[in-house]
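The values are calculated or read from the model by the stated rules, or taken from the named source; none is laboratory data. The shown structure was predicted, so the numbers you read here are calculated from the model rather than taken from an experiment. Because the Cβ atoms are built from the backbone with ideal geometry, glycine has one as well, and the counts that use them run over all protein chains shown.
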């Protein structure tokens, strides 16, 4: 029978609270050479919000002493979101998206590195203008700076890219998909289908190039939109969804 040691043990007594630190458990296990010792409840303090949470609320990290990140999942998500709103974070997202899209299209990866893309963008007055407008808008998704290719037949090169906002890029992609340009250029969507978003009154609001793009824009789980399109669900996020014709 395994010996279970609680790494977070609080005894309510007249003297107050007594906490058994998790290091005591590992020290005891090492001292007794008892591999049967397990931990049932493990608590850790987040270095960001300073809250004490169960270890399951932290992401694993091989390079830390206890094998977990020092920041909890909630704080980590906020930090990541804040970073993606910075210029460097935005460029990281743009570059990663270009690499992913190139693989999906079976095209060569961008010829430039992230550092080279950063240098190029910082030399573009339009990039700084679009970024400032995006920030002032409260980080409106439609106004987020984006990069599109001039020719769908070619990969990402400095000669084949242009700056625009995300809304324009999305509309261009949908139009190319509707007219067959993306298919003819070898663009592989991996089976994704364009979807149309309707109001509860059955009025067309807008079209989206894919379920995932629609889900990201309205803030809903992609599977809910797919369920609507397949008839297994009536609405998602108070909208009616259908696969585009």
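What is the residue count in the stretch 86-105 for residues that are surrounded by fewer than 15 Cβ atoms within 10 Å (Cβ to Cβ) and part of a loop (DSSP other than H, G, I, E, B)? The number of residues fulfilling the criteria is 1.
Any residue at all in the stretch 168-177 that is part of a loop (DSSP other than H, G, I, E, B), modelled with pLDDT of 90 or more, assigned by TED's automatic domain parsing to the domain that holds residue 116 and within 30 Å of residue 124 (Cβ to Cβ)? Checked the stretch 168-177: no residue is part of a loop (DSSP other than H, G, I, E, B), modelled with pLDDT of 90 or more, assigned by TED's automatic domain parsing to the domain that holds residue 116 and within 30 Å of residue 124 (Cβ to Cβ). Is it fair to say residue 141 is within 22 Å of residue 172 (Cβ to Cβ) and at pLDDT below 95? Taking the combined requirement at face value, the residue satisfies it. Residue count for the stretch 132-156 satisfying the condition of being part of a loop (DSSP other than H, G, I, E, B) and closer than 19 Å to residue 84 by Cα: 5.
Scanning the stretch 106-131 for residues that are in a loop (DSSP other than H, G, I, E, B) and crowded, with 17+ Cβ neighbours inside 10 Å returns 107, 110, 112. Exactly one residue out of 73, 65, 60, 53 is surrounded by 15 or more Cβ atoms within 10 Å (Cβ to Cβ) and either in contact with a strand residue (DSSP E or B) (Cβ under 9 Å, 6 or more places away or on another chain) or free of Cβ contacts under 8 Å to residues at least 40 places away in the same chain (or both), and it is 53.
When residue 163 is tested against the conditions (1) surrounded by fewer than 15 Cβ atoms within 10 Å (Cβ to Cβ); (2) modelled with pLDDT of 90 or more, the lone failure is (1). Scan the stretch 204-244 for residues that are over 19 Å from residue 140 (Cα atoms) and free of Cβ contacts under 8 Å to residues at least 24 places away in the same chain and the total you get is 16.
Of all residue pairs spaced 6 or more apart or on separate chains, those with beta-carbon atoms under 7 Å, a first member in the stretch 151-162 that is in the same structural domain as residue 113 (by TED's automatic domain parsing) and without any contact (Cβ under 8 Å) to a residue 12 or more places away in the chain and a second member that is surrounded by fewer than 13 Cβ atoms within 10 Å (Cβ to Cβ) and in a loop (DSSP other than H, G, I, E, B) are 160/150; 160/151. Quick check on residue 124: is it over 22 Å from the mean Cα position of the chain (by Cα) and modelled with pLDDT of 95 or more? Taking the combined requirement at face value, the residue satisfies it.
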